[in-house]
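Enquirer: Okay, here's the structure, questions in a sec.
The values are calculated or read from the model by the stated rules, or taken from the named source; none is laboratory data. Here the structure is a predicted model, which means the values were calculated and not measured. Here the Cβ positions follow ideal geometry from the backbone for every residue, glycine too, while neighbour counts run over all protein chains shown. Just the protein is used for accessible areas: all its heavy atoms, side chains included, with ligands, DNA and RNA removed. Shrake-Rupley method; radii C 1.70, N 1.55, O 1.52, S 1.80 Å.
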Amino acid sequence: MSAARPRLVVVVKGYPRLSETFIAQELRGLELAGFDLVIVSLRQPTDTKRHAVHDEIAARLLYLPEYLHREPLRVLRGLWAAARRPGFGATLRGWLSDLKRDPSRNRLRRFGQAAVLVAEWPKGGAWLHAHFIHTPASVADYAARIMGMGWTVSAHAKDIWTSPDWELAGKLDRARWAVTCTAMGHKHLQSLAGDPGRVHLSYHGLNLDRFPAFADARPARDGSDPANPVQIVSVGRAVPKKGYDTLLRALALLPPDLHWRFRHLGGGAERDSLQALAASLGIADRIHWQGSVDQAEVLAAYRASDLFALACRITADGDRDGLPNVLVEAASQALACISTSISGIPELFRNGENGWLVPPDDASALAAALQAAICAPDLRVQFGRAAEAQVRASLDYHRSVDQLVSLFAAEGLRP
């Protein structure tokens, strides 16, 4: 590593992950901007595929013990090394206070992982940054306090809305700054921060080189021809916050003489139950479950489709998406989109102007929007082009990388 290249140590929950392309492209953007990175992952990879951007990232990888009992000697060495640091006592007392409020295995695990990170701190590491303000930020926070160094954080969606306010407020006060990717999340975090000016709004955007404009004209399918059905696609993990059960129920409400096919791309724990639901609704023969795919396959699916649908919801525990990256990707291909009016989605889409937005968990409203979109190919073209124009004008990932470079520069880290 050249002395002129500052080394950032970046803590993530898992790496690499197909569902977190936005993080990978940001990390690659920081490398291209001149930073040297070490990626610290709390979990081993579970996806069997990788995106091309993962192979381009040059960062060294450090995997912390995913479960402390599986690497006891490593954890003990970490605690011994951490205990010799001047900041250990105060950090231990802070952690014990956190443990009283959150007496969980997760809280124990994060302190142990932080100790291992301190003991195995990458040579030349100049700064500590965390992606997600829940568990990765806990590890970064404890490690930074033990070492007496500054740290920063990128907050996203689930991590904001499923974390208690007391914990968010404490982390925001101790971090040098935070960035988050939707106006709604930004407003919430600012309301909890002692210094709201240290919380910044930074949309992720796309690497538009990977999502070049789609120049071809889509067929004017309108659902009237059984031999040429409208092609609907969705990309996302089969988990509750994606609302795929609502989407399936909406599809089942469409008139029987309206011809469509639905393709789902992604893994997730609910796939089997969703397939059973589709069968019970009598629509299984119109659905293709493609499974986990890489970015090239996702792009091809956008270009082969007429309509993108994602029925996001807020779950009982507060989990939700921010502005789903797949909606931005689909819009970049001038693909008309239907989604719900929650979180950061209305920050890109305006109902009746560049897409269709309906309330979450409302299968009837979603079915009405689907029928309107299926029957109106000209309107799909109009909305798709309008959304694409907004993405290409304001959601290029170079903007967010430039913003991060400026924030790191303010801490004396100049590539």
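Quick grid of which residues meet (1) modelled with pLDDT of 95 or more; (2) part of a loop (DSSP other than H, G, I, E, B); (3) aromatic (Phe, Trp, Tyr):
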{"site": "Thr48", "(1), (2), (3)": "no, yes, no"}
{"site": "Arg74", "(1), (2), (3)": "yes, no, no"}
{"site": "Gly78", "(1), (2), (3)": "yes, no, no"}
{"site": "Arg85", "(1), (2), (3)": "yes, yes, no"}
{"site": "Thr91", "(1), (2), (3)": "yes, no, no"}
{"site": "Leu96", "(1), (2), (3)": "yes, no, no"}
{"site": "Leu108", "(1), (2), (3)": "yes, no, no"}
{"site": "Pro122", "(1), (2), (3)": "yes, yes, no"}
{"site": "His129", "(1), (2), (3)": "yes, no, no"}
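Enquirer: OK, next. Where residues in the range 271-302 are outside any helix (DSSP H, G or I) and more than 30 Å from Arg210 (Cβ to Cβ), which of them is farthest from the chain's Cα centre (by Cα)?
Expert: Step one: list which residues in the range 271-302 are outside any helix (DSSP H, G or I), which gives 282-283, 287-294.
Next, from what is left, pick out any that are more than 30 Å from Arg210 (Cβ to Cβ): 282-283.
Values: Gly282: 33, Ile283: 30 Å.
Across the range 271-302, the extreme among qualifying residues is Gly282.
Enquirer: Within the range 148-171, does at least one residue satisfy the condition of being at pLDDT 95 or above, in contact with an Asp or Glu (Cβ under 9 Å, 6 or more places away or on another chain), among the hydroxyl-bearing types (Ser, Thr, Tyr) and assigned to a strand (DSSP E or B)?
Expert: The answer is yes, given that some residue of the range 148-171 is at pLDDT 95 or above, in contact with an Asp or Glu (Cβ under 9 Å, 6 or more places away or on another chain), among the hydroxyl-bearing types (Ser, Thr, Tyr) and assigned to a strand (DSSP E or B).
Here's the yes/no breakdown for (1) surrounded by 19 or more Cβ atoms within 10 Å (Cβ to Cβ); (2) more than 30 Å from Thr162 (Cβ to Cβ); (3) modelled with pLDDT of 95 or more:
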| residue | (1), (2), (3) |
| --- | --- |
| Pro196 | no, no, yes |
| Pro226 | no, yes, yes |
| Val233 | yes, no, yes |
| Leu253 | no, yes, yes |
| Leu258 | no, yes, yes |
| His264 | yes, no, yes |
| Leu274 | yes, no, yes |
| Leu277 | no, no, yes |
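Enquirer: Which residue, of Arg43, Arg85, Arg107, is charged (D, E, K, R), out of contact with any strand residue (DSSP E or B) (no Cβ under 8 Å at 6 or more places or on another chain) and open to solvent by 20 Å² or more (accessible area, probe 1.4 Å)? Break it down stepwise before answering.
Expert: On the way: Arg43 fails: out of contact with any strand residue (DSSP E or B) (no Cβ under 8 Å at 6 or more places or on another chain); Arg107 fails: open to solvent by 20 Å² or more (accessible area, probe 1.4 Å).
That would be Arg85, the only listed residue that is charged (D, E, K, R), out of contact with any strand residue (DSSP E or B) (no Cβ under 8 Å at 6 or more places or on another chain) and open to solvent by 20 Å² or more (accessible area, probe 1.4 Å).
Enquirer: Another one. Return the pairs, sorted by first residue and then second, in which the second residue is at pLDDT 95 or above and open to solvent by less than 10 Å² (accessible area, probe 1.4 Å), the first residue lies in the range 234-261 and is over 11 Å from Gln371 (Cα atoms) and among the polar types (S, T, N, Q), the beta carbons are less than 6 Å apart, and the residues are 6+ apart or on different chains.
Expert: Listed pairs, sorted by first residue: Ser234/His264; Ser234/Ala309; Ser234/Leu310; Thr246/Ala311.
Enquirer: Being open to solvent by 10 Å² or more (accessible area, probe 1.4 Å), touching a residue at least 12 places away in the same chain (Cβ under 8 Å) and of a type outside the set (S, T, N, Q) is the filter here, so list the residues in the range 343-357 that pass it. First the steps, then the outcome.
Expert: Here is the first cut: in the range 343-357, the residues open to solvent by 10 Å² or more (accessible area, probe 1.4 Å) are 343, 346-347, 350-353, 356-357.
When the remaining residues are screened for being touching a residue at least 12 places away in the same chain (Cβ under 8 Å), the result is 343, 347, 353, 356-357.
The answer is Glu347, Glu353, Trp356, Leu357.
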